[in-house]
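The values are calculated or read from the model by the stated rules, or taken from the named source; none is laboratory data. Quantities reported herein were computed from a predicted structural model and do not represent experimental measurements. No Cβ is skipped: glycine too gets one built from the backbone with ideal geometry, and neighbour counts run over all protein chains shown. Note: accessible area is taken over every heavy atom of the protein model, side chains too, but ligands, DNA and RNA are not part of it. Shrake-Rupley method; radii C 1.70, N 1.55, O 1.52, S 1.80 Å.
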Amino acid sequence: MILKQTHISIVIPLLNEDGNVMVLYKSLLPVVEKISTDYEIIFVDDGSKDNSFDIINEICSQNERVLGISLSRNFGHQIALAAGMEHSSGEVVVTLDADMQHPPEIILDLYKKYTEGYDIVNTIRTETADSGAFKKISSRYFYKIINKLSDIHIEPSSADFRLMNRKTVNAFLQLKEKDRFTRGLISWMGFKQAQVEYTSPNRFSGKTKYSIFKMFRFAADGITSFSAKPLRISFFAGLIVSFAGLLYAIYAVIQYFGGKTIPGWTSILVSVLIIGGIQLISIGIIGEYLARVFNEAKNRPMYLVKQYSSGRLGDDSGSVLFRK
Ligand code: UDP
Ligand code: MG
């Protein structure tokens, strides 16, 4: 058994991608082999309910440099990414999606930047063929908001398609938070970073795994992980509304003594609705932060592994042959 470090690890998180896994593997292999024959490919099955893991098993039985990790349930794309990176041993680690929206050939461009001396090479999509108007607009505003609210800067249209060297992967794995927003963490980390542009083709098969609900959670994680400004904004909104309320109260008392009081249905309704709305939003914002504190305080592991698949050892111990 050769216990040595691999040169390049490819980490692929996936959920219900049985229509894509084999196609991706076949187009990835020649690209990776161009870089080094000393590679490993790690598929992280994030609780798929389809045949994805059977296909991964098949690939593992053909190629001992492939490792399959099946998580015990769906933990989410961002955690699956971290799980794959934790199991990687490469001097260089590349993460990409399983749906062919991150074209494998681009890895050669990422690698070129790495050889020029960059620690992290990010990607920016210049165009996404199949994303609808809603996704485009919501994504644009999301990055505007997050860049305004937080101290970190994230390039709009950045993707979780990136190359990192061992030093930065190890640094990244020290960031143990459970509600993870990888793009923000990478920006927060610093080091010498570069960007490569690419055009994202349509998904090869299946539908997006990011429902509207998951996108909102992702956006909330992005904002709350890097900024306490929403809490401060709700405080200032409270101050402004209270001040306006005070002025209006003075006016109402003067009107009362002038004997000019009127039934005032509209003014009461409007003020109750506005104040009620601001209160509920503020409580909601506090709740978002509290939920994150709660989640961290439980200190559970980020993910659990159900099963490994590896042709390397012929069992399911998942030992990574090339581990340092
Ligand atoms: N994914 C995952 N777990 C999830 C959701 C998504 O591992 O809970 C994977 C998915 O299989 C794909 C990648 O994350 O490989 C990106 O997801 P998707 O392509 O659906 O997102 P989109 O490109 O539409 O933003
Ligand atoms: Mg996709």
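Worth pointing out:
- Residues of the stretch 193-232 that are more than 18 Å from the chain's Cα centre (by Cα), among the aromatic types (Phe, Trp, Tyr) and open to solvent by 60 Å² or more (accessible area, probe 1.4 Å): Phe204 alone.
- Taken over the stretch 183-215, the criterion of being without any contact (Cβ under 8 Å) to a residue 12 or more places away in the chain and either more than 29 Å from Asp18 (Cα to Cα) or basic (Lys, Arg) (or both) is satisfied by Gly190, Lys207.
- Answer residue from the stretch 62-83, given it is more than 16 Å from ligand 2 (Cβ to nearest atom) and either free of Cβ contacts under 8 Å to residues at least 12 places away in the same chain or in a helix (DSSP H, G or I) (or both) and is most open to solvent (accessible area, probe 1.4 Å) among those: Gln62
- Residue in the stretch 165-186 that is assigned to a helix (DSSP H, G or I), in contact with a Leu (Cβ under 9 Å, 6 or more places away or on another chain) and either within 16 Å of ligand 2 (Cβ to nearest atom) or open to solvent by 30 Å² or more (accessible area, probe 1.4 Å) (or both) present: yes
- Against the numbered list (1) open to solvent by 20 Å² or more (accessible area, probe 1.4 Å); (2) without any contact (Cβ under 8 Å) to a residue 40 or more places away in the chain; (3) farther than 29 Å from Ile212 by Cα, Ile59 comes up short only at (1).
- Residues satisfying the stated conditions in the stretch 96-141, i.e. open to solvent by less than 70 Å² (accessible area, probe 1.4 Å), in a helix (DSSP H, G or I) and within 16 Å of ligand 2 (Cβ to nearest atom): Ile106, Ser138, Ser139
- Tally of residues being closer than 22 Å to Tyr198 by Cβ and either open to solvent by less than 20 Å² (accessible area, probe 1.4 Å) or in contact with a strand residue (DSSP E or B) (Cβ under 6 Å, 6 or more places away or on another chain) (or both) across the stretch 147-164: 10
- Residue among Ser225, Ser158, Ser200 that is under 29 Å from Tyr114 (Cα atoms) and in contact with a Phe, Trp or Tyr (Cβ under 6 Å, 6 or more places away or on another chain): Ser225
- Search result, residues across the stretch 191-223 that are over 19 Å from Ala291 (Cβ atoms) and more than 16 Å from ligand 2 (Cβ to nearest atom): Phe191, Lys192, Gln193, Ala194, Gln195, Val196, Glu197
- Filter result for the condition that a residue is free of Cβ contacts under 8 Å to residues at least 24 places away in the same chain and out of contact with any Gly (no Cβ under 9 Å at 6 or more places or on another chain), over Ser242, Ser227: Ser242
- Against the criterion of being within 30 Å of Ala80 (Cβ to Cβ), in a helix (DSSP H, G or I) and not polar (S, T, N, Q), Arg232 does not qualify.
- The lone exception for Ile12 - which of (1) in a helix (DSSP H, G or I); (2) closer than 24 Å to Lys167 by Cα; (3) within 16 Å of ligand 2 (Cβ to nearest atom) it fails: (1)
- Failed criterion for Gly276 (all others in (1) in a helix (DSSP H, G or I); (2) modelled with pLDDT under 85 hold): (2)
- If you filter the stretch 293-311 down to residues that are in contact with a Ser or Thr (Cβ under 6 Å, 6 or more places away or on another chain) and outside any strand (DSSP E or B), you find that the one that is surrounded by the fewest Cβ atoms within 10 Å (Cβ to Cβ) is Leu304.
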